[in-house]
Amino acid sequence: MHSTAEENYIKAIYKLSGGGTDAVSTTGLSEALATKPASVSDMLRKLSTKDLVHYVKYHGVQLTPEGQEVALKIIRKHRLWEVFLVQKLHFTWDEVHDVAEQMEHVKSELLIQRLDEFLGHPRIDPHGDPIPSEDGKLREVEQRPLSALQIDQKGIVSRVKDAQPAFLQYLNRVGIQIGTHLQVTDKIAYDNSLEISIDKTKSVILSLEVLEKIFVINP
């Protein structure tokens, strides 16, 4: 069993490394967790003794295979709870992250198995992120950022990269959700923003910053 604090560190390292085995700096980890560098170093030494990370002072930290397995289990729980909150308790997609952060630390593997069954074994969470399988596999989907589409090209929203409430509320306001059909109708050369037709009902101009946070699949 791992403590909540240990799990938070493991998940943060996984995300900062892009889901891979790249080294993460202690400074970056300290900033991500809003924790003093000395406290970070202490925790990393503790995780190292449990064979969850490779930690060398001044050279950063990497997850071991065991650490990656723990990280994927935490992420699996988090994303399953997000699906539950949206589908069964009618939370909106901008309300679920903080609640799921608390629920992801439940220890019962049987509960998570039953939750997965109850939800019908979902493959993605409400933001389009893949849910790791019980054996720690992540399903890869061929998708690209909306910014990569050219004029007249179409796409279906498959994922949003930013799960911050303010960004999701903005997407709600313009009418974009997972599954929304989009088509590029014009490009503004000045700042590379795009005019987008949404479900053939209305148009909106999106900035490059927004475009790069929305991923689409071919219709």
Members of segment 95-120 found to be surrounded by 11 or more Cβ atoms within 10 Å (Cβ to Cβ) and either assigned by the TED database to the domain that holds GLY179 or in contact (Cβ under 8 Å) with a residue 60 or more places away in the chain (or both), listed by number: GLU95, HIS97, GLU104, HIS105
Residues (of a type in the set (Gly, Ala, Ser) and under 21 Å from LYS202 (Cα atoms)) located in segment 157-173: SER158
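If a residue has to be open to solvent by less than 100 Å² (accessible area, probe 1.4 Å) and closer than 25 Å to LEU168 by Cα to count, how many in segment 121-148 make the cut?
Initially, segment 121-148 is screened for residues open to solvent by less than 100 Å² (accessible area, probe 1.4 Å), giving 122, 124-133, 136, 138, 141, 143-148.
Checking the rest, the ones that are also closer than 25 Å to LEU168 by Cα come to 122, 124-132, 138, 141, 143-148.
Number satisfying all stated conditions: 18.
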Residues (closer than 17 Å to SER197 by Cβ and part of a loop (DSSP other than H, G, I, E, B)) located in segment 145-182: LEU149, GLN150, ILE151, ASP152, GLN153, GLY175, ILE176, GLN177, GLY179, THR180
Qualifying residue in segment 71-78 (condition: in contact with a Phe, Trp or Tyr (Cβ under 7 Å, 6 or more places away or on another chain) and either aliphatic (A, V, I, L, M) or exposed (fewer than 15 other Cβ atoms within 10 Å of the Cβ) (or both)): yes
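Please determine, by comparing only the residues of segment 158-167 that are of a type outside the set (Lys, Arg) and within 15 Å of the chain's Cα centre (by Cα), which one is least open to solvent (accessible area, probe 1.4 Å). Can you show your working first?
The initial filter retains those residues of segment 158-167 that are of a type outside the set (Lys, Arg), namely 158, 160, 162-167.
From what's left, within 15 Å of the chain's Cα centre (by Cα): 158, 160, 162-165, 167.
Values: SER158: 18, VAL160: 1, ASP162: 30, ALA163: 33, GLN164: 114, PRO165: 54, PHE167: 21 Å².
Per the criteria, the residue is VAL160.
Please determine whether any residue of segment 165-174 is in contact with a Pro (Cβ under 8 Å, 6 or more places away or on another chain), hydrophobic (A, V, I, L, M, F, W, C) and within 28 Å of LEU72 (Cβ to Cβ).
Taking segment 165-174 and keeping what is in contact with a Pro (Cβ under 8 Å, 6 or more places away or on another chain), we get none.
No - not one qualifying residue is present in segment 165-174.
Mind checking which residues of segment 168-189 are polar (S, T, N, Q) and open to solvent by 40 Å² or more (accessible area, probe 1.4 Å)?
GLN169, ASN172, GLN177, GLN183, THR185, listed by residue number.
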Qualifying residue in segment 51-59 (condition: outside the structural domain of GLY179 (by the TED database), assigned to a helix (DSSP H, G or I) and either at pLDDT 95 or above or of a type in the set (S, T, N, Q) (or both)): no
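Can you go through TYR9, TYR55, TYR14 and tell me which one is touching a residue at least 40 places away in the same chain (Cβ under 8 Å) and of a type in the set (Ser, Thr, Tyr)? Please lay out each step first, then the result.
Working: TYR9 fails: touching a residue at least 40 places away in the same chain (Cβ under 8 Å); TYR55 fails: touching a residue at least 40 places away in the same chain (Cβ under 8 Å).
Being touching a residue at least 40 places away in the same chain (Cβ under 8 Å) and of a type in the set (Ser, Thr, Tyr) holds for just one of TYR9, TYR55, TYR14, which is TYR14.
The values are calculated or read from the model by the stated rules, or taken from the named source; none is laboratory data. Everything quoted here is computed from the prediction, not taken from an experiment. For neighbour counting, all protein chains shown are included, and Cβ atoms are generated from backbone atoms with ideal geometry for every residue, glycine included. Side chains are part of the model used for accessible areas, which takes the heavy atoms of the whole protein and leaves out ligands, DNA and RNA. Shrake-Rupley method; radii C 1.70, N 1.55, O 1.52, S 1.80 Å.
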